Amino acid sequence: MKGEPLSSVLEQAVETPMVGKSVITLDDLSIRQIQELLHKAQYIDSHRKEVAHTCDGRVLATLFYEPSTRTRLSFETAMLRLGGKVIGFAGAQLASVTKGETISDTLKTVSNYVDVVAIRHPKEGAALVASRAASVPVINAGDGGHMHPTQTLADLATMQSRFGRVNNLTVGLCGDLTFGRTVHSLIETLCRFGNVNFVLISPDELKTPQYVLDRINATDSCSYTEVKDLVSVIGDLDVLYMTRVQKERFFNEDDYLRLRDTYILDEAKMAYAKKDMAVLHPLPRVNEIAVEVDDDPRAAYFEQVKNGMLMRMALESSVVGDELPGYEPLESKEVAA
């Protein structure tokens, strides 16, 4: 029913405590739990020393079956800053998968060593398979073109930091909207908060999948328009979410080369944007944002990196059940008010 997206799923999410929870998509968390994580991340940022021993004795496994620099280092740094330790691998060639071991068996084994797992895998659904096999919480660090929930948490934290809210905004998403898992996660989560106008900017070959459009249509307070020209809409945007055209998602290199340079954000285009528009990007970039934009105060993509680490600190400590010293939960503050 339009206007009532996944209500039963959300009600179930509210009833499930964070401790011991796997996070495969953000639908695994209630809106209140996401707001709590945003609040915890803000607390962590201003209380670095106080939280430095929150996860003493804990061990995180980072199982990365495809290349990653930022996401893997962010997960690992998050646990290290909380006082825990990290084991893992980066690249399937370093794992027993080369000997024929299944993901399930790997997770059943690793669960004996660690308290929480972060997994990245090129195949959609791999993180869900991992979570069902593991006896400890599993966090999806990206599975194929599907979902990337902790990147979305970083995006939300950056929007919250810039605007004091994550809804009542016009959000433009530009570039690869077909294969960009970060785009899909962000749209679906913003629909749950409601009151967002999406502007989807891409060539025909990289348009938003129908299942994501269906999610927007299922939410009365959200709407979308699809356009091909960035300059024609940039002045309407509060947030511009740029993405790279991902070579690893293409079967045909000629198609990749043809579409790679479709949208490039530079100073000339920024001149048409609002003075307080925020430019986000999940990184890494290739050339879709000119380096000259980095010095513009509206560039928020390196701020996103810090926010990603803070949100992963909040998430990792929550799923293993370690309380942040001195932290007052959001709900108790609201009750007190």
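The values are calculated or read from the model by the stated rules, or taken from the named source; none is laboratory data. Nothing here was measured: the structure is a model prediction, and the numbers come from that model. Note that each Cβ is placed from the backbone with ideal geometry, even for glycine, and that neighbours are counted across all protein chains shown. All accessible areas refer to the heavy atoms of the entire protein, side chains included, with ligands and DNA or RNA removed. Shrake-Rupley method; radii C 1.70, N 1.55, O 1.52, S 1.80 Å.
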Accessible heavy-atom area order of MET18, MET242, highest first, probe of 1.4 Å: MET18, MET242
For SER318, what is the net charge nearby, where nearby means another residue's Cβ is under 11 Å from its Cβ and Lys, Arg count +1, Asp, Glu -1? -1
Positive-end extreme of charge dipole, the chain - chosen from VAL114, TYR327, LEU265 (charges on Cβ): VAL114
Using modelled amide H (1.01 Å from N, peptide plane; none on Pro or chain starts), what sits under 5 Å from the amide H of GLU226, excluding residues fewer than 5 places away? LEU200
Highest first, please rank the peptides 133-139, 49-55 by the mean number of other Cβ atoms sitting within 10 Å of their residues. 133-139, 49-55
Taking amide hydrogens as modeled 1.01 Å from N in the peptide plane, which residues meet the under 5 Å criterion relative to VAL86, leaving out close sequence neighbours? LEU60
Answer in debye to the nearest 20: the dipole magnitude of the stretch 263-323 about its Cα centre, from +1 Lys/Arg and -1 Asp/Glu charges placed on Cβ, is 200 debye
Listed residues ALA127, THR77, VAL199: farthest to the positive end of the dipole of the chain (Cβ charges): THR77
Positive end of the dipole of the stretch 148-303, charges at C-beta (+1 Lys, Arg; -1 Asp, Glu), about the Cα centre: which of HIS148, GLY175, SER232 has its Cα farthest in that direction? HIS148
In the chain, carbon and sulfur make up what percent of the accessible area (probe 1.4 Å)? 50 percent
Karplus ³J(HN,Hα) for the stretch 307-314 (6.51 cos²θ - 1.76 cosθ + 1.60, θ = phi - 60°; Hz, whole; x = Gly/Pro) runs 5, x, 4, 5, 5, 5, 4, 5
Computed from these coordinates, which is Rg/Rh (Cα atoms, Kirkwood Rh): [x] 1.12; [y] 0.96; [z] 1.16? [y]
Relative contact order [Cα under 8 Å, 6+ residues apart], the chain, whole percent: 21 percent
Residue-normalised accessible area of the chain, given per residue in Å² at a 1.4 Å probe: 44 Å²
Specify the residue with the greatest mean-square fluctuation among GLU101, GLU124, GLU188, computed from a Gaussian network of the chain linking alpha-carbon atoms under 10 Å apart. GLU101
Residue-ordered couplings for the stretch 115-124, obtained by feeding phi - 60° into the Karplus form 6.51 cos²θ - 1.76 cosθ + 1.60 and rounding to whole Hz (Gly and Pro as x), are 9, 7, 10, 10, 10, 10, 8, x, 9, 4
Sort 268-279, 59-70 by the packing proxy (mean of other Cβ within 10 Å over each peptide's residues), most packed first. 59-70, 268-279
Given +1 on the Cβ of Lys and Arg, -1 on the Cβ of Asp and Glu, and no further charges, what dipole in debye does the chain carry about its Cα centre, rounded to the nearest 20? 580 debye
Largest first, what is the accessible-area ranking of ASP295, ASP214 with a 1.4 Å probe? ASP295, ASP214
Most to least packed among 284-291, 83-90 [average Cβ atoms within 10 Å]: 83-90, 284-291
For the stretch 148-303, averaging the sequence separation of alpha carbon pairs under 8 Å that lie six or more residues apart and dividing by its residue count, the contact order in percent is 23 percent
